[in-house]
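Here the structure comes first, spelled out in structure tokens, and everything after it is commentary.
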Amino acid sequence: MGKKYGVLALQGAFIEHVQVLRSLGVESVEVRLPKHLRGLDGLVIPGGESTTIGKLAVAYKLVEPIRRMAEEGLPVWGTCAGMILLAKDIGQGRPLLGLMDIVAKRNAFGRQVDSFETDLLVPELDEVSIAEERGYPFHAVFIRAPSIERVGNGVLEIACLPDGTIVAARQDNLLATAFHPELGGDTRFHRYFLHMAR
Ligand code: GLN
């Protein structure tokens with residue numbers, strides 16, 4: 001049987017992730033209720049508004065099953081708000097899933113520059129790159145983005161801004177990106193996630 005990937009579809013940029021996954025030829029389903037988690041091979045938690053997504057996830061009783069499945073090894077990828085929901089530490093406030101050993105800082109880039117785009121060098125993506133893509137920077141869109149202030153032991157930093165701010169990391173089956181890889185047409189991060197999930 002083919003693999004099936006879920007995208008948490010409570011609020012935010014879930015449609016775009018579903019479309020990218022489908023464009024890569026994999027089955028992708030919107031997750032709104034615990035029963036939609038059954039049989040998944042990976043789960044994407046999209047960007048949006050982390051407080052809203054968190055409240056809805058609690059209301060729909062999704063938090064415990066997602067946490068349990070991730071602890072059992074389900075690949076989970078949090079982008080932007082999704083990364084905040086994955087983090088063990090978010091400074092002020094209570095973490096939601098508390099799965100990944102990172103300190104995430106909400107709205108880390110302040111108001112005046114709260115959205116920007118930049119090219120990132122991400123050597124990890126070479127694993128899934130075709131010849132023409134290899135070594136090519138990833139064009140990343142940051143929308144009122146968080147940053148990763150610190151990573152714990154066993155967490156691999158996979159992308160930083162020129163000033164050293166960490167904006168993507170991986171810990172075993174968990175992937176976090178502070179930006180929105182579903183925008184911009186470069187599918188390498190999605191392919192990287194599918195590769196992790198194999
Ligand atoms: N600033 C948002 C939050 O804190 C995240 C923004 C995004 O996901 N694009 O929830």
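The values are calculated or read from the model by the stated rules, or taken from the named source; none is laboratory data. Remember, predicted model here, so these are calculated numbers, not experimental data. A quick note on method: Cβ atoms are made from the backbone with ideal geometry, for glycine too, and the neighbour counts reach across all protein chains shown.
Assorted remarks:
- Subset of region 113-123 [buried (at least 16 other Cβ atoms within 10 Å of the Cβ) and part of a loop (DSSP other than H, G, I, E, B)]: Val122
- Selection count where residues are within 14 Å of the ligand (Cβ to nearest atom), surrounded by 17 or more Cβ atoms within 10 Å (Cβ to Cβ) and not β-branched (Val, Ile, Thr), scope region 66-96: 11
- In the set Ser115, Ser28, only one residue is among the small types (Gly, Ala, Ser) and within 17 Å of the chain's Cα centre (by Cα); that residue is Ser28.
- Filter result for Arg134 (near the ligand (Cβ under 9 Å from one of its atoms), of a type in the set (D, E, K, R) and either out of contact with any strand residue (DSSP E or B) (no Cβ under 6 Å at 6 or more places or on another chain) or without any contact (Cβ under 8 Å) to a residue 60 or more places away in the chain (or both)): no
- Only one of the listed residues (Glu30, Glu64, Glu49) is under 23 Å from Gly98 (Cβ atoms), touching a helix residue (DSSP H, G or I) at 6+ places or on another chain (Cβ under 7 Å) and acidic (Asp, Glu). That residue is Glu49.
- Test: residue in region 177-189 that is under 15 Å from the mean Cα position of the chain (by Cα), under 27 Å from Lys4 (Cα atoms) and part of a helix (DSSP H, G or I): yes
- Looking only at region 89-112, residues that are aliphatic (A, V, I, L, M), out of contact with any helix residue (DSSP H, G or I) (no Cβ under 7 Å at 6 or more places or on another chain) and assigned to a strand (DSSP E or B) come to 2 in all.
- Going through (1) modelled with pLDDT of 95 or more; (2) over 29 Å from Met69 (Cβ atoms) one by one, Ala176 falls short only on (2).
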